[in-house]
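Computed from the coordinates by the stated procedures, all read-outs in this text should not be read as laboratory data. Just so it is clear, the model here is predicted, and its values are computed rather than measured. So basically every Cβ, Gly included, is an ideal-geometry build from the backbone, and we count neighbours across all protein chains shown.
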Amino acid sequence: MTLQTQEQYQFIESILFQNLGYQAEILDFQFFYGGNFNLAVKVKVTEGDYFIKWNQGDHDGMFESEAKSLQLLHSQGILSIPKIINYGKILDKEYLMMEFLEAGFQQANYWEDFGQKLALLHQQTNTKFGLDFNNYIGALPQSNEWMENGVAFFIEKRLKIQVGRALYERRITPALGDKFQALFEKIPSLIPNHAPSLLHGDLWSGNVMTDAQGLVALVDPACYYGLREAELAFTTMFGGFEDAFYRSYAEVMPIENGFAERIPLYNLYPLMVHVNLFGGGYLHAVEKILKRF
Ligand code: ADP
């Protein structure tokens, strides 16, 4: 074992001691490199298998908000969501401990079932847009301050914050900032103002898993009550969702005409998040969308 692995082993051991008691014995542990920002392990102990992820502590409250988002989704009883054991901080590291999802053999109706369940989730509504706590999208803070109007929420709390950040960090030019400003004026006439829907908030294929029954399970949410079309658009950004998913979604929750044309507008949010996290590579796509609208 290298010194680094040894330290990590001890760190995981302390988490297990804290949450399962001193008799907890690690039978096996395995690193996961799926995510972008955090380290994660699958750890096998006599009590069962757990998934633990952690960071170096410069994202205060990240795992608390992730745990709260997971609990919020779990409490709807619609989708399979890993159960949270605990979150906390040991030395300078924040961690999140949850049940490990063992994937079963994917059922034939996996995508139909998923589409239906997401539509049911989106039927969970609220009087306002936002949430009673803020969270993170990737490693960036996401404000969920309540607003009455969904389109205004999308502009103010999603686009403007990322554009402001990109301007401040000089990731985009002031000229591009002006183009965004002009688009903000137009957006209310371009996207429909639906009722608030409970969203997963970071729904790309990397956060979609299979549970032991062979049906969908979701991880790594950034929940809020928002525009459901924004979530559907998000699923198309990196692809991987089958047609059956959209068809069965629409049977429960009809998709309004013209949605396909609106997708790029909604995806300006995840694209600007990517510009802010990973830099210029995504800028070209942003410029293309701004030119089009
Ligand atoms: P990050 O916050 O670093 O992006 P994720 O929560 O997305 O990390 O987890 C990284 C990967 O680990 C996921 O893509 C998924 O494959 C897997 N994963 C996440 N949670 C669990 C879990 N509870 N059980 C099993 N695998 C998981």
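Given a cut-off of 20 Å, name the pairs among Lys53/Lys157; Lys157/Lys186; Lys68/Lys89; Lys42/Lys93; Lys42/Lys117; Lys117/Lys157 whose C-alpha atoms lie farther apart than that in the structure shown.
Beyond 20 Å: Lys53/Lys157; Lys42/Lys117; Lys117/Lys157.
Distance in nm between label sites at Ala182 and Met209, each 7 Å beyond Cα in the beta-carbon direction?
In this crude label model, Ala182 to Met209 measures out at 4.6 nm.
Which aspartates and glutamates, if any, have their Cα less than 19 Å from the Cα of Lys291, not counting same-chain residues under 8 positions apart?
Asp178, Glu185, Glu261
Please compute the net charge surrounding Phe129, taking Lys and Arg as +1 and Asp and Glu as -1 over other residues with Cβ under 11 Å from its Cβ.
Summing Lys/Arg as +1 and Asp/Glu as -1 gives 0.
As a check on your grasp of the helix formula, calculate [θ] at 222 nm for the chain: sum -39500 (n - 2.57) over DSSP H runs of n ≥ 4, divide by the residue count, round to the nearest 500.
On the way: 11 runs with 120 residues, N = 293.
Calculated mean residue ellipticity at 222 nm is -12500 deg cm²/dmol.
How big is D, in µm² s⁻¹, for segment 110-292 by Stokes-Einstein at 25 °C and 0.890 mPa s if Rh is the Kirkwood radius over C-alpha pairs?
In µm²/s, the coefficient rounds to 146.
Note down the nm distance, to one decimal, between modelled labels 7 Å out along Cα→Cβ at Asn257 and at Glu156.
Distance between label points: 3.2 nm.
Can you give me the Cα centroid spacing of segment 51-83 and segment 143-221 in angstrom?
Here the answer is 19 Å between Cα centres.
If one takes the longest principal axis of the Cα atoms in the chain, at what angle in degrees, from 0 to 90 and to the nearest 10, does the Cα axis of helix 243-252 lie?
Tilt relative to the chain: about 70 degrees.
Output the 0 to 90 degree angle, nearest 10, between the alpha-carbon long axis of helix 62-75 and the longest principal axis computed from the alpha carbons of the chain.
Helix 62-75 sits roughly 80 degrees off the main axis of the chain.
Helix 3-20 versus the longest principal axis of the chain: what angle, 0 to 90°, nearest 10, using Cα atoms?
90
Please work out the FRET efficiency for the pair Leu91 and Phe32, using the Cβ-Cβ distance as r and a Förster radius of 22 Å; give the result to the nearest 0.05. Spell out each step's value before the answer.
Values: r = 21 Å, r/R0 = 0.96.
Calculated transfer efficiency: 0.55.
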